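I have placed the structure first, in the form of structure tokens, so that the comments after it can refer back to it.
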Amino acid sequence: MLNRILLTGILLMTMGTVMAQKEFTLEDLDYGGSNYRNMIPANRTYRWWGDELVRIDGDNCFLVDKRSGKETTLFTRGDLATWTGEEALRLAGLQFPYANQPIAMIVTGKARMLIDFKKKQTVWTTTQGEWQAVAWCAASRATAFVKDCQLYVRDAEGKERQLTTDGSREIVYGQSVHRDEFGIVSGLFWSPNGKRLAFYRMDQSMVADYPQVDIFPRVATYNPDKYPMAGETSHQVTVGVYDVETGKTIYLQAGNPTDRYFTNIAWNPDGNSLYMFELNRDQNDCRLMRYNAETGASMGELYRETHAKYVEPLHPILFLPWDASKFIMQSQKDGYNHLYLMSSEGKELQQLTKGNWVVQDILGFDTAQKSLIILSNEGSPIQHCITRVDMKTNKRTPLGEQKGWHYPLLSANGQFMADWYSAPDTPRNIDLIDTRKGTTKRLFTAPDPWEGYKVPTYECGTLKAADGNTDLYWRMVKPADFDPQRKYPTIIYVYGGPHAHNVDASWHYRARPWETYMAQKGYILFILDNRGSENRGRDFEQVTFRQLGQVEMQDQMEGVRYLKSLPYIDANRIGVHGWSFGGFMTISLITNYPDVFKVGVAGGPVIDWKYYEVMYGERYMDTPQNNPEGYAKTSLLNKAKDLKGKLQVIIGYNDPTCVPQHSLSFLSACIQAGTQPDFFVYPGQGHNMRGNQSVHLHERITQYFEDYLK
């Protein structure tokens, strides 16, 4: 009997050891993998119905008691099917557009419906289509949409009016313009009362076509993209305003749109005037302008900001909900993105936030207390911090957990907040925060989805930039069975460009799944956020101006210097990999430091900034005409001759962002120089690989390092 017990115990211990050694596959880790959804932290969906918290799962909608956390059923998917007559409804996109009405909104592929869940009936519906753009207005229940390149408005009663007739691939209405720069994500803007619609009109007839080809028909077809390259002719944008009541359309009298950018459109609360930031092509002179929405006439300049390098407006102004004579403006004019209280006439009344940290988002207002709720990195450059700002005293009060990375959602009146957050050792927690009392209640804790797997070690630290003063944050991923007595091949993963970062205090310090996969295969991964990346202030980013890649490489080489100081790093087996700007950095590093980097894999790389688009390229590099030295210095065409290690370049065959001309030109330069990169394309794919092609991509990247670095 005793022997049987001992044998059972040994078997259980052995089984536990085996389970603990379970290894990841790319199907587990890659977002296109078949098991990916089971390997990410569990989540819950919450929505605010005014100030009532609602939880939604696949088949049920629950009302959450904010004190006890107890849930009661509000309605089910079956209820909605009965009330609407639609059996195939899904609750995933359910919204509550009216704070004080028991109305739920469901959008299907065919219709948008409002359901009164107290009366148990559909109270309004309108058809939907496969439109190029759409914007619905809760105040008027009117819908603006773009169909077959033409702009339409349909009122609440279903009466439809076609506003344009000249829409085409060259005349674009109601869609995002300026290639999604300057924070632009849409091209349709309803006034708060729903009586007027502002919209973009983009004339790109003068922009050169980039000759993309669709290879999948029996005979390949020409499928060009409009692509304005740096220093070349760009498109022209104007802003129209449609009056629902009069049926008239006017255009803002903003002057000649040539070589100008119109961004961050915002309405006055009364809907009679609207505001936008206007930027010159050099992007160093920014003006906030106001326009009469009835006539289109200019009502004057409210604010102007200039800078020797560039000014980058990213956020529309935001009016105070309790005082329409004041608005909040965001600016980096003191070196960091902060908030300024302005009068409606453009007078600066108060700087609301200040310090060597960045306001990352305005979450909303507590209207009763006249307070502002913001998200910032005041506590640490790699953390999010939720803060309540008293509009009178500027006093800042921290809310919720002050560690980790947060994604909060504020209730209608601003008293409550649902906060999704993670930390290096926390996959996901969801808290309910009372913003007035400062109390927090845990709603959900996600279990570790990697329990039982052979999980690497994730570390984070800082080192000094090449300037000797600036702290840079790094992440290191070590194999689960790391042995400090061994020498490990090491891969530096790099991005390095503006408006992005790689290291933060979220789960595993934001390690990419591929890093975990490679650590499992016996590599050390090292990731450093160099100067030029985001969330560190204006000067930190702008140090790369007119010389992209140069300062970034200097900082990355400080990372290499640190790695070489570690006894377990094999200095003869260092590789580098990155995508997009990171692809540019990968080839920059392997050609500028050919004796350091043995292997590189560059995905979707920029090769020469003269082939990149106007808005982004000229902001950071100026034009090729005005900065020929900078373009020559940063061009990788000139570095093809210096390639010594193994380099694989991978692109999507129909990439509309870093067009294939980049990589093809580099291959041509390598041929002329007699160097030998490898090359792989994904037919029909754009800047990133979708679905299971992403698994294929990362297996290919992995195999390249396995073949030549390990």
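Please figure out what share of the DSSP beta bridges in the chain is antiparallel and state it in percent, rounded to the nearest 5.
Antiparallel: roughly 85 percent of the beta bridges in the chain.
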Could you tell me the ratio Rg/Rh of region 132-233? Both radii from Cα atoms, Rh via Kirkwood.
1.07
Sorted from largest down, give the three principal axis spans of the alpha carbons of the chain, whole angstrom values.
81, 75, 63
Charge context of Asp707, other residues only, Cβ under 14 angstrom, K/R +1, D/E -1
+3
Could you list the square roots of 5 times each eigenvalue of the Cα gyration tensor of region 237-394, that is, the equivalent ellipsoid semi-axes, sorted largest first and rounded to whole Å?
29, 20, 12
To the nearest Å², the heavy-atom accessible area per residue of the chain with 1.4 Å probe amounts to 42
Length released on extending from His696 to Glu301, taking residue separation times 0.36 nm less the Cα-Cα span:
136.9 nm
Taking protein heavy atoms only, a 1.4 Å probe, and rounding to whole percent, the accessible area of region 389-541 owed to carbon and sulfur comes out at 44
Along each principal axis, Cα extent of region 670-710, largest first, Å
36, 28, 11
Strictly greater than 19 Å: what percent of every Cα pair in region 61-138 meets that?
38
Tensor-based shape of region 286-331 (alpha-carbon gyration tensor, a/c under 1.5 rounded, otherwise prolate or oblate):
oblate
Residue-count net charge about Leu566 - beta-carbon cut-off 12 Å; Lys, Arg +1, Asp, Glu -1:
+3
In region 153-265, what percent of the accessible surface is made up of carbon and sulfur (1.4 Å probe, ligands and nucleic acids excluded)?
47
Which lysines have a Cα lying under 21 Å from the Cα of Lys159, excluding residues fewer than 8 positions away in the same chain?
Lys110, Lys147, Lys195, Lys248
Can you divide the C-alpha Rg of region 641-710 by 2.2 N^0.38 Å and report the result to two decimal places?
1.18
Rg to Rh quotient for region 241-309, alpha carbon positions, Kirkwood Rh
1.02
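Probe radius 1.4 Å, ligands and nucleic acids ignored: give me the carbon and sulfur share of the accessible area of region 565-710 as a rounded percent.
Carbon and sulfur atoms account for 49 percent of the accessible area of region 565-710.
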The Kirkwood hydrodynamic radius of region 433-551, taken as the inverse of the mean 1/r over all distinct Cα pairs, in Å, comes to 16.6
Once a ≥ b ≥ c are taken as the square roots of the eigenvalues of the Cα gyration tensor of region 379-431, is the result rounded (a/c under 1.5), prolate (a/b larger than b/c) or oblate (a/b not larger than b/c)?
oblate
Taking only Cα atoms of region 351-479, what ratio of Rg to Rh do you get with Rh as the Kirkwood inverse-distance radius?
1.05
Reciprocal mean inverse distance between Cα atoms of region 500-607 - Kirkwood radius, Å:
14.7
How big is the gap, in Å, between the Cα center of region 400-434 and the Cα center of region 622-647?
45
All Cα pairs of region 256-349, percent lying beyond 18 Å
43
Sort out for me the Cα centre separation of region 39-103 from region 325-355, rounded to whole Å.
37
What is the spread of the Cα atoms of region 587-710 along each of their three principal axes, largest first, in whole Å?
43, 35, 23
Please state, rounded to one decimal and in Å, the Kirkwood hydrodynamic radius that region 17-159 gives when every pair of distinct Cα atoms enters the mean of 1/r.
17.8
Using θ = phi - 60° and the Karplus form 6.51 cos²θ - 1.76 cosθ + 1.60, what ³J(HN,Hα) does each residue of region 690-702 get, whole Hz, x for Gly and Pro?
9, x, 5, 5, 5, 4, 4, 4, 6, 5, 5, 4, 4
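The values are calculated or read from the model by the stated rules, or taken from the named source; none is laboratory data. On a predicted model such as this, the values are computed, not experimentally measured, just so you know. Every residue, glycine among them, receives a Cβ derived from its backbone with ideal geometry; neighbour counts consider all protein chains shown. We work out accessible area using only protein heavy atoms, side chains counted, and drop any ligands, DNA or RNA first. Shrake-Rupley method; radii C 1.70, N 1.55, O 1.52, S 1.80 Å.
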